Amino acid sequence: MPSAKTLEQTVTIPASPKEVYEALMHSKIHAKVTDAKATISSKVGGKITAYDGYITGKNKELILGKRIVQEWRASDWPKGATSTVTFSLSKVSAGTRIKFTHKNIPSEFFSDIKQGWEDFYWKPLQEWFSKKASVAKGR
């Protein structure tokens, strides 16, 4: 198997840990935030798909509002290549800090995956919750 890499990122989202957890784990909210179809089981061992099936995997550990660990693969990865993503959520004054680790990324996909998390998860989550906060303040 070709060499694999680990990605570590930290991002702050302007929402509570429970809200961030739900945005990552609730199929309909995930689809609204990312603007792509997702089917996400709420159970350990349950299957996940995101981005219209580009991402598939299963839940390995789920602690509401605190931690998500998933087995994860992209459809264009080499056969049998799987990785593990871990979202560790903690409350901070600005909302929620996500300490994110993505282990075992096939080396040739590392740059695209790194940019993908930024473009397709972190920015949309920040925008989604910023808009929700603006609407709430405007009422």
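So here's what we get for this one:
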{"read-out": "Neighbours by Cβ (under 7 Å, 6+ apart or cross-chain): first from the stretch 8-26, free of Cβ contacts under 8 Å to residues at least 60 places away in the same chain; second part of a helix (DSSP H, G or I) and not polar (S, T, N, Q)", "value": "GLU22/ILE29"}
{"read-out": "Checklist (1) within 15 Å of PRO14 (Cα to Cα); (2) touching a strand residue (DSSP E or B) at 6+ places or on another chain (Cβ under 7 Å); (3) surrounded by 14 or more Cβ atoms within 10 Å (Cβ to Cβ) applied to GLU71, failing item", "value": "(1)"}
{"read-out": "Residue satisfying condition, being more than 22 Å from ALA4 (Cα to Cα) and aliphatic (A, V, I, L, M), within set ALA81, ALA36", "value": "ALA36"}
{"read-out": "Options LYS66, LYS58, LYS47, LYS37; residue that is of a type outside the set (Ser, Thr, Tyr) and out of contact with any strand residue (DSSP E or B) (no Cβ under 7 Å at 6 or more places or on another chain)", "value": "LYS37"}
{"read-out": "Residue in the stretch 47-54 that is among the aromatic types (Phe, Trp, Tyr), under 12 Å from the mean Cα position of the chain (by Cα) and farther than 24 Å from ASP76 by Cβ present", "value": "no"}
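So that you can scan it fast, the table gives a plain yes or no per residue for (1) touching a Ser or Thr at 6+ places or on another chain (Cβ under 8 Å); (2) farther than 18 Å from ALA81 by Cβ:
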{"residue": "LYS5", "(1), (2)": "yes, no"}
{"residue": "THR10", "(1), (2)": "no, yes"}
{"residue": "VAL20", "(1), (2)": "yes, yes"}
{"residue": "VAL33", "(1), (2)": "no, yes"}
{"residue": "LEU62", "(1), (2)": "yes, yes"}
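Every number in this text was worked out from the coordinates using simple rules, so none of it is lab data. These numbers come from a predicted model, not from an experiment. Every residue, glycine among them, receives a Cβ derived from its backbone with ideal geometry; neighbour counts consider all protein chains shown.
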